[in-house]
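A.B. asks: One structure coming up, written as structure tokens, with questions to follow.
Just so it is clear, none of the values below were taken in a lab; they were calculated from the coordinates. Treat the numbers as computed from the prediction; the structure is a model and nothing was measured. Every residue, glycine among them, receives a Cβ derived from its backbone with ideal geometry; neighbour counts consider all protein chains shown.
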Amino acid sequence: MADRTMERFARLATVPMLSLALLLAGCGGATNDPSQEPPLAGARIGGAFALTDGAGKTVRDTDFAGRYRIVYFGYTFCPDVCPVDLQKIAAGLKAFEGAHADLAPKVVPIFITVDPERDTPKVVGRYVAAFHPRMVGLTGTPEAIAQVARAYAVPFAKRQDAGATEYLMDHGTQAYLMGPDGQPIALLPTDQGPGAIARELERWVR
């Protein structure tokens, strides 16, 4: 467990200073004050993309217009961090859905792979279905993935350890809550568990 924790810290150390600052900014306590400015307001996070979902259909950022988006980058071969984070995100969203059935349809969870070489549409689609029935899994060409990762300030790199038969992907692990207009709102506190994620959704989703 200690080795996994150290590995995660090593990955986060590669996140640009802007992303790290945003990560820290998203750790404040929840508030019900609707007039409070979102912690990521004005940040240059997000942008246009055209990727492919689990059914092989082209999906664009504009397809989610009018809905809040939980955006997380990872890969299906990830041995530990990605599945744990996605479980927390899914559980937090389900808790929010249970408490706010009227607002739940406004939130769509999105998983974008950083490993398009192995994560085909079929693989990504099957993977996200194991976490939440409404989670959208997206893949694309290496160029398209690199472009959207840059737009969301998510670094990633392939790593081949000596003696290993499969490569790993080092990547940023921030989970963004994006607004109906596609603008960033906050980072979801995956390190604090599903309850904290649900509370952060309650804080901003209207």
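A.B. asks: Taking θ as phi - 60°, what are the ³J(HN,Hα) couplings along segment 122-137 by the Karplus curve (6.51, -1.76, 1.60), each to the nearest whole Hz, with x for Gly and Pro?
C.D. replies: Values, residue by residue: 4, 5, 5, x, 5, 5, 5, 5, 6, 9, 7, x, 9, 6, 9, x Hz.
A.B. asks: Starting from the Cα-Cα distance between residue 150 and residue 67, subtract it from 0.36 nm times their residue separation and give me the gain in nm to one decimal.
C.D. replies: The span from residue 150 to residue 67 would gain 27.7 nm if fully extended.
A.B. asks: Where in segment 76-103 is the amide nitrogen less than 18 Å from a point lying 7 Å along the Cα-to-Cβ axis of residue 199?
C.D. replies: 88-100
A.B. asks: Taking amide H positions as placed in the peptide plane 1.01 Å from N, state which residues far from residue 169 in sequence (5 or more) or on other chains have amide H under 5 Å from it.
C.D. replies: Close amide H contacts, sequence-distant or interchain: 159.
A.B. asks: Below 9 angstrom from the Cβ of residue 49, what's the summed charge of the other residues (Lys, Arg +1; Asp, Glu -1)?
C.D. replies: 0
A.B. asks: Let me ask another. Around residue 133, with a cut-off of 12 angstrom between Cβ atoms, what is the net charge of the other residues, counting Lys and Arg +1 and Asp and Glu -1?
C.D. replies: Details: positive: 94, 134; negative: 97.
Local charge sum for residue 133: +1.
A.B. asks: Please list, in order, the residues from segment 103-126 whose amide nitrogen is less than 14 Å from a point placed 7 Å along the Cα→Cβ vector of residue 166.
C.D. replies: Of the residues in segment 103-126, 115-120, 123-124 have backbone N under 14 Å from the label point off residue 166.
A.B. asks: Evaluate the distance, in nm, between pseudo-label points positioned 7 Å from the Cα of residue 80 and of residue 192 along their respective Cα→Cβ axes.
C.D. replies: So the two model labels end up 2.4 nm from each other.
A.B. asks: List the lysines whose alpha-carbon lies under 21 Å from that of residue 88, not counting same-chain residues fewer than 8 positions away?
C.D. replies: Correct list for residue 88: 106.
A.B. asks: What is the sum of charges, Lys and Arg at +1 and Asp and Glu at -1, for the other residues whose Cβ falls under 15 Å from the Cβ of residue 145? Provide the component values of the computation, followed by the final result.
C.D. replies: Working: positive: 60, 118, 150, 158; negative: 53, 61, 115, 117, 119, 143, 170.
Charge balance near residue 145 sits at -3.
A.B. asks: Next question. Give the calculated FRET efficiency between residue 55 and residue 117 to the nearest 0.05, with a Förster radius of 22 Å applied to their Cβ-Cβ distance. Let's see the in-between values first.
C.D. replies: On the way: r = 20 Å, r/R0 = 0.91.
Calculated transfer efficiency: 0.65.
A.B. asks: Skipping prolines and chain starts, which residues have an amide H placed within reach, meaning under 5 Å, of the one on residue 136, given they are 5 or more residues away or on another chain?
C.D. replies: 110, 111
A.B. asks: Enumerate by residue number the chymotrypsin sites (Phe, Trp or Tyr not before Pro) in segment 109-206 meeting two conditions: DSSP loop (anything except H, G, I, E, B), and at most 16 other Cβ atoms within 10 Å of the site's Cβ.
C.D. replies: Filter output for segment 109-206: 167.
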